[in-house]
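A.B. asks: Right, I'll just put the structure down here and ask away after.
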Amino acid sequence: MTFVQKAVIGSKPVTERKNFIWNMIGSTLFAAVSMCLSFVVIRVMGENLGGVFSIAITISQMMQFIAYYETRTFQVTDVNSKYQFGEYKAAKLLLALFMIAASVIYIWVREGSFADKALVILLMCVYRMIDGYADLYEGSFQKDGRLDLTGKSQAFRTVLSAGVMVIALCLTKQLVLSIVLAIAAAFAGLFLFDIHIMRLFHKLTPLFHKEKVWGILKECFPLFLGSFLWTYILSAGRIAIDGNMASNFQSYYQMLFLPVNIVNLCATFVMKPLLPRLAESYSRKEWKEFRGLVGKITAVIAGFTVLCMVLAFFLGIPVLSLLSGCDLQEYRGILVFLMLAGGINSLAYFMYYILTVMRNNKGVFTGYVTAAVLTVVISGQMVQRSGIAGAAGSFFITVLYLMLIFLAFIAVELKKQK
């Protein structure tokens, strides 16, 4: 083994504690990177360019789900190894290429050229595509019982690429150049911490078996559509603000919305390590263990949501204003309200995982499609009427609806199974 492989894999036996800690570290850094980069860009480049960068993050996060395609969720819960690693890799390569093509078309239609704002959006889409491709390796690590390697990959790659971008931004004050350098660093991190490590576990040759690759794409499509629409639901308020308000308001809403990711992050901490157990208990019809896991995760999400709302009320606005340099005093109530909506969104996301374990694609599809239609109808109108408060309100209404419809499908499925 090379020095990097030894350092990343380690010499001590793998334990659940080690898996949990590294998954927590990796997930925290990965989730925090958008928040940190937004703070830095707004601080260094000002509110207007910060608003441009915020919408670039929003669109790139939406597009990256084409590269993700929710193959990881399917891959990790593929307990019978229906598909090989090489077949998942072939599918992921096609998805990464399709993501870039879709991003180019979307940006051209939206902006009409690739200058200034459009170029920033496109470069952020390329940056996010690397995360979507790395998801292949991280999913394989998790399935093999090495969630610690998943966390290390996320942590090291995120620190490397984001660190390069922050340093370049502070030194050059050039946003486009800084993103280009971050992309180069992200590719280096992908090779060092994913590809280089995976060589010890699997053959890396992609297997373009037409029927198998098509099978992966076909089976994951409802999950992808759901996750893509979920991202759109998260982004609809920001897109509506971008179309109806000045760029500085985009910066304000971005700062207010970023703490919502903290609740989602907590849900991810709890869900990811328990997902294989959840799938196994459901597959074996061990209902007592299944209900126990569901109850435990739900209680943790609910409790953490309440804690975040309290912290947001007392500390949220002073901290966000200090870090971003924006005057956010009038938005305290909206921040607390967004934290509540974030908790409901996390519960809805957890229910999506449950439906995935149940292989209830109909429930996933129905929930996300109807919720996306709902947010299309209400988000623009509510922003036009109430500005940032309208964006927060449309988000709350949509995720509440999504949680309730997912809950209904889960109840029906459990009744069938029993």
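The values are calculated or read from the model by the stated rules, or taken from the named source; none is laboratory data. Bear in mind that the values here come from a model prediction, so they are computed numbers and not experimental data. As a convention, Cβ positions derive from the backbone with ideal geometry for all residues, glycine included, and neighbour counts pool all protein chains shown. SASA here: full protein model, heavy atoms, side chains in, ligands and nucleic acids out. Shrake-Rupley method; radii C 1.70, N 1.55, O 1.52, S 1.80 Å.
A.B. asks: If packing is taken as the mean number of other Cβ atoms within 10 Å per residue, what is the order of 230-237, 155-162, highest first?
C.D. replies: Packing order, densest peptide first, comes out as 230-237, 155-162.
A.B. asks: Please give me, ordered by residue number, the trypsin sites (Lys or Arg not before Pro) of the stretch 67-117 that lie in loop per DSSP and have at most 16 other Cβ atoms within 10 Å.
C.D. replies: For trypsin sites (Lys or Arg not before Pro) across the stretch 67-117 that sit outside H, G, I, E and B with at most 16 neighbouring Cβ atoms in 10 Å, the list reads K82.
A.B. asks: Same structure again: Working out 0.36 nm times the residue gap between V159 and N261, then minus their Cα-Cα distance, what length gain in nm do you get to one decimal? Write out the running numbers ahead of the final one.
C.D. replies: Working: separation 102, 0.36 × 102 = 36.72 nm, distance 1.82 nm.
Gain on stretching V159 to N261: 34.9 nm.
A.B. asks: If you don't mind, another one. How many times 2.2 N^0.38 Å is the alpha carbon radius of gyration of the stretch 315-416?
C.D. replies: Relative to the 2.2 N^0.38 Å estimate, the stretch 315-416 comes out at 1.30.
A.B. asks: Comparing L328, L94, L200, which has the greatest mean-square fluctuation in the GNM of the chain with Cα pairs linked when under 10 Å apart?
C.D. replies: L200
A.B. asks: Turning to a different aspect of this structure: Give me the one-decimal nm value for the distance between modelled label points at L404 and V373, 7 Å along each residue's Cα-to-Cβ direction.
C.D. replies: With each label point 7 Å from Cα toward Cβ, the separation is 1.6 nm.
A.B. asks: Another question about this same structure. For L307 and E16, what does the FRET efficiency come to when R0 = 30 Å and r is the distance between their Cβ atoms, rounded to the nearest 0.05?
C.D. replies: Calculated transfer efficiency: 0.75.
A.B. asks: Run the simple label-point estimate for F208 and A115 please: 7 Å along Cα→C-beta, distance reported in nm.
C.D. replies: 3.9
A.B. asks: In what sequence, highest mean first, do 208-215, 295-302, 347-354 appear when ranked by Cβ atoms within 10 angstrom?
C.D. replies: With the highest mean Cβ count within 10 Å placed first, the list reads 347-354, 295-302, 208-215.
A.B. asks: Once the Cα gyration tensor of the chain is diagonalised, what are the square roots of 5 times its eigenvalues, in whole Å and ordered largest first, as equivalent ellipsoid semi-axes?
C.D. replies: Over the Cα atoms of the chain, the semi-axes work out to 31, 27, 21 Å.
A.B. asks: Let me know the charge dipole size of the chain about its Cα centre in debye, to the nearest 20, where only the beta-carbon of Lys, Arg (+1) and Asp, Glu (-1) is charged.
C.D. replies: Dipole magnitude for the chain comes out near 1160 debye.
A.B. asks: Work out from phi, with θ = phi - 60° and the Karplus expression 6.51 cos²θ - 1.76 cosθ + 1.60, the ³J(HN,Hα) of each residue of the stretch 277-294, listed in order in whole Hz, and give x for Gly and Pro.
C.D. replies: The phi angles translate into 5, 4, 5, 5, 5, 5, 4, 8, 6, 8, 5, 4, 5, 4, 5, x, 5, 4 Hz.
A.B. asks: Fully extended, how many nm does the chain gain between F187 and L217 (0.36 nm per residue separation, minus their Cα-Cα distance)?
C.D. replies: 8.3 nm
A.B. asks: First check a/c for the stretch 102-171, with a ≥ b ≥ c the square roots of the eigenvalues of its C-alpha gyration tensor; if it is under 1.5, answer rounded, and if not, answer prolate when a/b is larger than b/c or oblate otherwise.
C.D. replies: It is oblate, given that a/c is not under 1.5 and a/b is not larger than b/c.
A.B. asks: Please compute the per residue accessible area over the chain with all protein chains in place, 1.4 Å probe, rounded to a whole number of Å².
C.D. replies: Per residue, the chain has 41 Å² of solvent-accessible surface.
A.B. asks: Would you kindly state how much longer the chain becomes between T2 and Y106 on full extension, computed as 0.36 nm times their sequence separation minus their alpha carbon distance, in nm to one decimal?
C.D. replies: Answer, rounded to one decimal: 33.2 nm.
A.B. asks: So, one more: Probe radius 1.4 Å, ligands and nucleic acids left out: which of D242, D327 has the largest accessible area, and how do the rest follow?
C.D. replies: D327, D242
A.B. asks: In whole Hz and in residue order, list the ³J(HN,Hα) couplings for the stretch 171-176 that follow from phi through the Karplus curve 6.51 cos²θ - 1.76 cosθ + 1.60, θ = phi - 60°; x for Gly and Pro.
C.D. replies: 7, 9, 6, 10, 5, 4
A.B. asks: With only Lys, Arg, Asp and Glu charged, each at its Cβ (+1 for the first two, -1 for the last two), find how big the charge dipole of the stretch 6-124 is about the Cα centre; round to the nearest 20 debye.
C.D. replies: Charge dipole, the stretch 6-124, about its Cα centre: 480 debye, nearest 20.
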